[in-house]
Amino acid sequence: MEETNETFCVGIDLGTSRSSISASNGERHVIDSYVGWPVDMVARKVIKKTVLVGREALDNRLMLDLRRPLERGLIKEGAKKDEDAVQEILRHLISLIGLKQKSKNRAKLRAVVGVPAEAFRNSKQRLRSALEGVADSVMLVSEPFAVAYGLEALLHALIIDIGAGTADFCVMQGRYPTEEDQRTLPNAGDSIDEQLLKLMREHHPEAQTSIHMIREWKEKWSFVGEPKKPVVVTVPVKGKATDFDITKEMGEACESILPPVCETMLDLLARVEPEYQENVRNNIILAGGTSLITGLSDAVQKALADLGGGRATVVKDPVFAGSDGGLALARDASSSDWEKLSL
Amino acid sequence: MADVAPNKLRLLKGAVQDNVDLVRGIRTPGLGRRKLLESPPPDPVQRKRIRRLWLWSPLSLVVIAYLLLPSPVVSLRQTAPIKTFEAEIKQTPATAEVKVPETEPQAPASEPHALDRGVIPLAIKKIVIDAGHGGKQPGAISESGVSEKEITLDIALRLRRLLGKTPFEVIMTRQGDQTISLDKRVAFANTNKADLFVSIHVNWTEPREIRPLETYFVGPSDDPVTIKLASMENQESGYSLSEYRRVLEKIYIDTRRDESRSLAKNIQAELYHSLKTINPELDDRGVKMAPFLVLVGTEMPAILVEVSTLSNEEEVQLLTNPDYREKIALALVRGIRSYASNHNGVDRKGS
Ligand SMILES: Nc1ncnc2c1ncn2[C@@H]1O[C@H](COP(=O)(O)OP(=O)(O)OP(=O)(O)O)[C@@H](O)[C@H]1O
Ligand SMILES: [Mg+2]
Ligand SMILES: [Zn+2]
């Protein structure tokens, strides 16, 4: 008599720049975490929709009140519009997995949602309410914890999830992580973008760059340490395509996150019981889009050299590592657990 | 549920408990209690500098204002902020306030405040912005359904917002989608004793490929195309025939004409200059004389600008972009300013 209705599990990674979903029917999707509403009558007429989500919103950004509602992975305080935007993202993600929610015996939807490691309580409450009407039961977990669970890195591991808005750290010591085991830094992909934009404006003020171009370049040519080859970009100058060598700027911008990230890593390591420190040092897992920076794991390992060395690896699938972990959690939780977490 | 390994089960129980606490509103030492690690606070020296800056800025502003008065009031208020608008404004909706970059909250005077309008002996103080058409009169309509009245109102609202940051007083013939006859618009400007009248329109021109930009001031015209346009724009007249004749006669004796021409020139130049970078196909038709009713009846320097044309779908595409409309509004501000600064004996253009 456990379930009259079919149950359906999803893991969702709500990210600043991208959000992904992994579902128990095998569907996996990722979208850009953008939501936009037409700015005015003119835009409404052209767009012919009341709201756009993901890529479509980004592409039409000039006509939209465009929101990236999860800056730092949290619903922004007091911003009704951002709450609505989060709801639109969640709705949209769930619509992508092909669940027929209209039918009478609709499946009960159980969702595990990954949020930054140190989400404030009221923001988590808001997230729960944003899911009302979208899911039946909700469990919120810290993003790096979801990653760890999915990888079964449950003991003696340090997860560093470097996304767009935040870098989230979590030490796994065989127990559910406490406050002490986790850290969140505001230094991540977005701060690299800002840094690179600043350097471009300083060094090449004539080049017409936008944050979107910057991000694209970074995702193509990011590196720390020695450059493998020069980074040359083509930018319009007074309407004329012009080449710029931005190797130095790219390296400098990417490296800007290393000091805070390494410092936090070392700090967390120092808190691990001395006898396990070496195990953890050798099990550092880099996740999140920004972990794709070329040379990042080497740079992290270099920072461990003084402590006697260590090993850092980048997860195989940074896009879905979080949502897959969330799905694993959703499946493993019992029905009575889910009952307690119903909306 | 599948068999879950004991080591996982322990973690899972922890996650569930944390969430149960969340639902019940209990604070636990689990997830989510720590503040985001911020960058370190500014060092004491830096902090002192900030405080000193804050102390000095209002005072220094007064001093600067005093030293520069009377000539540069315009430049204080206008040149500086408006330059930055261009960088700032990305997708500001028409009615929204311009976002001023977030500065130190306790340093309110870091940006010059709007000076009291009464302080400045401006010859040009009050400006009427006239958004063409409205309500039951949509004006021109593009193939894709964009109507002139929507665009003109949007640009007018943007213009008002931008001019709100200058010492000018701005009044509008319409702020919403109302039907207002041309004689009412004229009467509105005259009874309010406005100093300038700026009427915003969007053209409809043939052949469809052309993309003219033109600004009109009052005067007779023998150009049949202009006369046709004038008769189109004059449809919502509201004037009786005898009144119409009387106002028409004024065209020839009006001394406002030179002023209006100068205003038209400034506006046309700024518009063309700033739009052609994004819209290289734009055709600079210059300033023209035409007997538009709103130009004839008004008693102050007055112009009518056709900022774009709805007959060309590429223009329509541009017009649907708020950035483009903002650019138009900004250029109008610049045109008005440069006219006003000449008029007021203050020529600080390019500073
Ligand atoms: N190859 C790459 N090199 C460097 N950065 C990259 C690369 N690919 C993606 N990124 C960056 O990764 C970030 C997105 O990563 P991810 O999807 O993990 O973030 P998120 O989950 O949306 O953010 P957060 O977890 O902070 O909320 C963006 O800043 C993106 O520019
Ligand atoms: Mg993330
Ligand atoms: Zn018109």
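Summary table below
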quantity	calculated
Relative contact order (%) - region A:189-255, alpha-carbon pairs under 8 angstrom, separation at least six	36 percent
Amide hydrogen neighbours beyond the local backbone of residue B:172, cut-off 5 Å, H modeled	B:129
Residue A:306 paired with residue A:238, simple spin-label distance in nm, labels 7 Å along Cα-to-beta-carbon	5.0 nm
Centre separation in Å (Cα based) which lies between region A:215-237 and region A:287-311	20 Å
Förster radius 22 Å - calculated FRET efficiency between residue A:335 and residue A:155 (Cβ-Cβ, nearest 0.05)	0.20
Ranked packing of B:129-137, A:305-313, most packed first, by mean Cβ within 10 Å	B:129-137, A:305-313
Chain A, relative contact order [Cα under 8 Å, separation at least 6], %	21 percent
Counted charge near residue A:247, where neighbours are those whose Cβ lies closer than 11 Å (Asp, Glu -1; Lys, Arg +1)	-1
At 1.002 mPa s and 20 °C, Stokes diffusion of chain A via Kirkwood alpha-carbon radius, µm² per second	101 µm²/s
Accessible-area composition of region A:189-255, carbon plus sulfur, in percent [1.4 Å probe]	52 percent
Greater than 26 Å apart at Cα, pairs in A:80/B:165; A:198/A:240; A:248/A:302; A:198/A:220; B:149/B:228	A:80/B:165
10 Å binning of all Cα-Cα separations within region A:166-208, expressed as whole percents from 0 upward	25, 28, 20, 15, 10, 1
Accessible area buried at the A-B interface, both sides summed, 1.4 Å probe (Å², nearest 100)	4400 Å²
Test item: A:172-179 mean partner chain Cβ contacts at 10 Å	5
DSSP-assigned coil residues among chymotrypsin sites (Phe, Trp or Tyr not before Pro) in region A:181-262, each with at most 10 further Cβ atoms within 10 Å	none
Globularity index of region A:189-255, i.e. its alpha-carbon radius of gyration over 2.2 N^0.38 Å	1.01
Kirkwood-type radius of region B:126-344, with distances r between different C-alpha atoms, in Å	16.9 Å
Calculated from backbone phi, Karplus (6.51, -1.76, 1.60) coupling profile of region A:166-172 in Hz, x at Gly/Pro	9, 10, 10, 10, 8, 8, 9
Threshold 30 Å² - residues in region A:313-341 whose accessible area is reduced by that much or more when the chain is no longer isolated, probe 1.4 Å	A:332, A:337, A:340, A:341
Cα→Cβ-extended label distance, 7 Å offset, between residue A:175 and residue B:281, nm	6.9 nm
Relative contact order (percent, whole number), region A:134-240, Cα cutoff 8 Å, 6+ residue spacing	16 percent
Exercise: per-residue mean of other protein chain Cβ atoms within 10 Å, B:146-156	2
Volume of the Cα convex hull of region B:133-207, divided per residue and given in Å³	106 Å³
Förster radius 35 Å - calculated FRET efficiency between residue B:191 and residue A:213, Cβ distance, rounded to 0.05	0.10
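The values are calculated or read from the model by the stated rules, or taken from the named source; none is laboratory data. Being a predicted model, the structure only gives us computed values, none of them experimental. Heads up, the Cβs are rebuilt from the backbone with ideal geometry, glycines too, and the neighbour counts pull from every protein chain shown. Only protein heavy atoms, including side chains, enter the accessible area calculation; ligands, DNA and RNA are left aside. Shrake-Rupley method; radii C 1.70, N 1.55, O 1.52, S 1.80 Å.
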